[in-house]
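Right, one structure below, let's go through it.
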Amino acid sequence: MKILYSPKSAGYSSTGHPERPERVTRSYEFLKDKLPFIEPKPCEEKDVLLVHTRGLLESVRKGTAELFDGETPNLPGIFDMALLSAGSASGAAKLALKKEKAFSLMRPPGHHAGRAFLGGFCYFNNMAIAIQKSLSKADKAAIIDIDVHHGNGSQDIVLGNNKVLYVSLHQSPLYPGTGLIPEKNCLNYPLPAGTVEQEYLKVLGKALEQVKKFSPDLIGVSAGFDTYKLCPIAGLSLEIKSYYKIGRMIRDLNIPAFAILEGGYSQDLPQCIYEFIRGIG
C-alpha cells in the first residue's frame, strides 16, 4: 500500500473548523514508519472540468463570495490545495489501475462538491475527478462511499452514468439530508444513529453484492472515518477495528481498488486509517 501525501495539504485552516490540518499531519506521523509515502501532483484544470462546470472552477479560483459559507470558506490558497488533493486522488487511481494499492491522505475532502456547487468542507470532487479520468482506461468503475455523510456531490455528478456505480452507507437523518432512496445507478443505504459494527457490516455486505454484480474494473473508496463512535460530529458507533473488517470485505472482491480520505474528526483518526489500510491492503 502506497500513501500519497504532501505537507502542503496542511497549509490552510479556519479557526474552530473541524476539518483542520492536524487530521493529516497526525495521521502522517502515525503512518510514516509503517508504509511507503509518495508525493502527489496537482491535477490540471481540464481534469476538474471533466466533472465540474467552468463557473465552479472559476468561483473557487477567484473566491466568489456567494458560493462559500462557514463550513466551506474562501481561504487563501484553497484553489491550489483543492487541485493538489484532486491530483492525489487521481494518482491513487492510476496506481490502482496498475494493480497497486494506494491511499490518498490529503485534504480538502471532496464528496459534497457537485457539478456546479461546493459545500460540506469540499471544493472539488476528488473521487469523481479520479474516477472520470480512469474511465479512459477502465470500462466501468464503482465508488464505495463509507463516510458518515451522504456524498450528495458525488451522486450529483455520476447520476445516470451507466459506467459508474455509486454506493453510499451513511447516517440519516444527518447533513446533507440526501441519499434517502436508491436513484438509478446510485444505491443509498441510510442508517440510523447508533448503528454498531455488526449491523453496519451486514448492510455493507449487501452493498458489496451489488458492486460485485456490477463487475467494475476499478473501485474507488471514499473513506470517511466519521462513522467511528467517538467522532464529535456524527452518531454511528463503529470501533477502530471495524475499519480493518471494512477494508478486508472490499479487498475480498478481488477488484483493483484505491481509497481517498473524506471525513474523520476524532483523535483516533490515524489508528482508524491504519486499520482500514491493513484490511484493504
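The values are calculated or read from the model by the stated rules, or taken from the named source; none is laboratory data. Nothing here was measured: the structure is a model prediction, and the numbers come from that model. For neighbour counting, all protein chains shown are included, and Cβ atoms are generated from backbone atoms with ideal geometry for every residue, glycine included.
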Open item on the list: I'd like to verify a number: residues in segment 97-116 that are more than 12 Å from Asn152 (Cβ to Cβ), in contact (Cβ under 8 Å) with a residue 60 or more places away in the chain and not in a strand (DSSP E or B), how many?
Closed with: 10
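Every residue, every condition in (1) at pLDDT 95 or above; (2) in contact with a Ser or Thr (Cβ under 7 Å, 6 or more places away or on another chain); (3) surrounded by fewer than 24 Cβ atoms within 10 Å (Cβ to Cβ), yes or no:
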{"site": "Lys94", "(1), (2), (3)": "yes, no, yes"}
{"site": "Leu97", "(1), (2), (3)": "yes, yes, yes"}
{"site": "Asn126", "(1), (2), (3)": "yes, yes, no"}
{"site": "Leu135", "(1), (2), (3)": "yes, no, yes"}
{"site": "Gly151", "(1), (2), (3)": "yes, yes, no"}
{"site": "Lys163", "(1), (2), (3)": "yes, no, yes"}
{"site": "Pro176", "(1), (2), (3)": "yes, no, yes"}
Task: In segment 10-29, the residues that are within 17 Å of the chain's Cα centre (by Cα), of a type outside the set (Asp, Glu) and part of a loop (DSSP other than H, G, I, E, B) - done: Pro18, Arg20, Pro21
Open item on the list: Given the options Val158, Val167, name the one that is more than 23 Å from Arg54 (Cα to Cα) and in contact (Cβ under 8 Å) with a residue 24 or more places away in the chain.
Closed with: Val167
Task: Selected residue [closer than 27 Å to Asn162 by Cα, within 14 Å of the chain's Cα centre (by Cα) and not hydroxyl-bearing (Ser, Thr, Tyr)] from Leu201, Leu261, Leu218, Leu253 - done: Leu261
Task: Residues of segment 53-88 that turn out to be part of a loop (DSSP other than H, G, I, E, B) and either at pLDDT below 95 or under 15 Å from Gly120 (Cβ atoms) (or both), as a count - done: 12
Open item on the list: If I ask for residues that are among the β-branched types (Val, Ile, Thr) and under 17 Å from Ala92 (Cα atoms), which ones from segment 1-44 would you list?
Closed with: Ile3, Val24, Ile38
